[in-house]
Amino acid sequence: MKLGVCYYPEHWPQSFWREDARRMAEIGLSRVRIGEFSWSRLEPEPGRYEFDWLDEAIEALGSEGLEVVLGTPTATPPKWLIDLYPDIMAVDRAGRPRKFGSRRHYCFSSETYRQESVRIVSALAKRYGQNASVVAWQTDNEYGCHDTVESYSNNALRAFREWLMQKYQSPEALNRAWGCVFWSQEYRSFEEVDLPHLSVTEANPAHRLDFQRFCSDQVVAFNRLQTQILRAHSPGRDIYHNFMGHFTAFDHFDLAQDLDAATWDSYPLGFLEQGPWPSAVKMRFLRQGHPDQAAFHHDLYRAVGRGRWQVMEQQPGPVNWAPYNPAPLRGMVRLWTWEAFAHGAEVVSYFRWRQAPFGQEQNHAGLLRPDSIADVGAAEAAQVAQEMAALAPLMGCSKAEAAIVFSYEAVWSLDIQKQGASFDALELLMAWHSALRGLGLNVDLVDARQDLSAYRIILAPSLPIIGQNLAKRLLESGAILVFGPRSGSKTEDYQIPEGLAPGALKGLLPILIPRVESLRPGHSESVEGGGAIERWLEHVTGEAETLAATTAGAPVWVRSGRAHYVGGWPDAALLNRVLERACAEAGIETRRLPEGLRLRRSGTLWFAFNYSAEPCDLGTIAPETAQAMFVLGGRVTPPAGVSVWRAR
């Protein structure tokens, strides 16, 4: 458990650096990420490197015992490089080349840019790969941010055609897989295939899904070029990438195979404003963030990192990029930090050290104000640093009994053909995760390809593409299984499976889905016993036992053996009914938490986090706290408060 900060020495006079390093150490920070946007300072002209300033910055940080995470600067190729090689630039969906003047202005398929990236990363790795103060590396920065995974350039077109050739081997196989006989889309050669944009109306969904897979593979390949260089010249040091929240445009599980740990950038208030929640929820948690948003991503990136993960950028105050940017409630920076550690984070690093008085992020708060006076976040970081000594020895990994299967490919396939404007795949996943958290459970998000045998209950909120292998592993897991709408509804080639949905799940669920409906906002189908179906409704037939039906008598929740199926988008009340019953069948104890309160088991400790604006008496929901020994806080947890007690 360490605290860190993101620092940009190139933004400040050299006379600041040693004093900044001293103050960082004084607060209790021990990790510092630098360098990820500094290419124009590292190489101001083609082939002329200037490393002296970075040497001095690293030495200044190291002299205070601070560990450096050095970023590769490929997120921001300098102007001279763009002018030399215009083909580096990405092209948007409308066919317009991206322009210089911001960041992430490159195409993953540009061979020129790959070569230039190899060159600058090699130069950095050779110079700092054995530096004692450099303990880890970060590749690039936030792959895909600002909608930059997909590029519609000529480079991407050539690479996509080659990717298709490798996958299908013949145009005839591609035509069958994509169903190209529809609308006379058949191809005689791979050279006839274009990118799926600028078509008169909707492009072929199988074409779009394969293009998304291709784009994901391009990001993975670009990252792998860098990790191979770093491992060759800087052996024994961790390599990270900082992923984002609410972002699914490439497969993070695939990319993380080349990393030592996953990191992500946590901005709870910005993500609340940009998230799918109704206005009333955004008002209620205006200065706290949604109680489950950060936790969802903690659980996701713990899975992506195969158990090792960090927060590389933690919001310390108001940000600048959301529609509205309130300041955190006093205590929330501390709460967010402790919640990350309770979920197993190795490091929580704040963004940034000092607020910049210039550039696009000058309204983005840091630990210090632009005048170098400590801001609110600095005091809360220092408080966590003081508290860590008492808690760290008692914390550890607590295996979750509940898992949610997370598939990036599932999100892509559902987004390509929503069939209903309000069907948001990521929102559905987060709602099911939130419901489990509201029952007081630790939750793991798991890759569909990983071992599933350790869990007592496994949820698949919506998993359209389910092969026979996954169906077999789910059956053999021995867990209680709960599938949500559209599971098993597509083949690998994005076609309706033979015999209809749920496809490969028929061995688990003797049901058939002959028809589906998407419902307008404001309309719902009431369910007997409580709750309702919203947004999406399936006509479920077959031999499974009906556990709940609409008031019109249509089954919406059925069960066969250990497998449950929910044939629609359940509202919160119905989802709680389903999950409470499934947990009871799995022998898992649940308790309904008040809105805004969340619990987390970590080693020998229980954590309570109060996201609400009112104090919460833990005795009403955790009676054992009446006799508990509290390590932090007490039985009454204030707003933005953290209470920690020893588990029995």
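Full extension of the chain segment joining Val181 with Gln274 gains 29.5 nm, where the gain is 0.36 nm per residue of separation less the Cα-Cα distance. Can you show me the helix-derived [θ] at 222 nm for the chain, built from DSSP H runs with n ≥ 4 at -39,500 (n - 2.57) apiece and divided by the number of residues, rounded to the nearest 500. Calculated mean residue ellipticity at 222 nm is -10000 deg cm²/dmol. The relative contact order of the chain, computed from alpha carbon pairs under 8 Å that lie at least 6 residues apart in sequence, is 10 percent. Volume per residue of the convex hull around the Cα atoms, evaluated for the range 294-451, comes out as 151 Å³. A simple spin-label model places pseudo-atoms 7 Å from Cα toward Cβ; at Glu26 and Arg158 they are separated by 5.6 nm. From the alpha carbon centroid of the range 598-648 to that of the range 362-399 is 20 Å. Indicate the gyration tensor shape class of the range 48-121 (rounded, prolate or oblate), computed on the Cα atoms with a ≥ b ≥ c the square roots of the eigenvalues: a/c under 1.5 is rounded; otherwise a/b larger than b/c is prolate and the rest oblate. Prolate shape, in that a/c is at least 1.5 and a/b is the bigger ratio. A Förster radius of 51 Å combined with the Cβ-Cβ distance from Ala421 to Gln130 puts the calculated FRET efficiency at roughly 0.40. Between Ile373 and Phe358, the modelled labels are 2.3 nm apart [label points 7 Å from Cα along Cα→Cβ]. Label reach from Ala232 (point 7 Å along Cα→C-beta): in the range 60-87, amide nitrogens under 19 Å belong to 72-74.
Taking other C-beta atoms within 10 angstrom as a stand-in for reagent exposure, Lys126, Lys99 fall in the order Lys99, Lys126, fewest first.
With distances taken between every two different alpha-carbon atoms, the range 100-191 has a Kirkwood hydrodynamic radius of 16.7 Å.
How about the range 307-411: which GluC sites (Glu not before Pro) there are in a DSSP loop, with at most 16 other Cβ atoms within 10 Å of their Cβ?
Glu361
Take every Cα-Cα pair in the range 402-586 and report what % of them are more than 31 Å apart.
Within the range 402-586, distances greater than 31 Å cover 6 percent of Cα pairs.
Taking every Cα-Cα distance in the chain and sorting them into 10 Å bins starting at zero, the pair-distance distribution P(r) comes out as 3, 15, 24, 26, 19, 10, 3, 0 percent.
Only Lys, Arg, Asp and Glu carry charge here, each on its Cβ (+1 for the first two, -1 for the last two); on that basis the range 402-586 has a dipole of about 180 debye about its Cα centre. Rounded to the nearest 0.05, the FRET efficiency derived from the C-beta distance between Ser526 and Gln495 at R0 = 25 Å is 0.15. Neighbour counts of C-beta atoms inside 10 Å place Trp336, Trp645 in the sequence Trp645, Trp336, starting with the fewest. Counted residue by residue at 0.36 nm each, then reduced by the alpha carbon distance between them, the extension gain from Arg515 to Gln386 reaches 40.6 nm.
Taking Lys and Arg as +1 and Asp and Glu as -1, the other residues whose beta-carbon sits under 12 Å from that of Leu81 total -3.
In straight-distance terms, cross-link reach from Lys506 covers every one of the lysines whose alpha-carbon lies under 18 Å from its own, apart from those fewer than eight places away in the same chain; here that gives Lys472, Lys490.
Averaging 1/r over each pair of different alpha-carbon atoms in the range 582-637 and inverting the result gives 12.4 Å, the Kirkwood hydrodynamic radius. Shown is the FRET efficiency for Glu50 and Glu624, computed with R0 = 60 Å from the Cβ-Cβ distance and rounded to the nearest 0.05: 0.50.
All of the numbers you see were taken from the coordinates with simple rules; none came from a lab. Keep in mind that what you see is a predicted model, and the values were worked out from it rather than measured. Methodologically, a virtual Cβ is constructed for each residue, glycine included, from the backbone with ideal geometry; neighbour enumeration extends over all protein chains shown.
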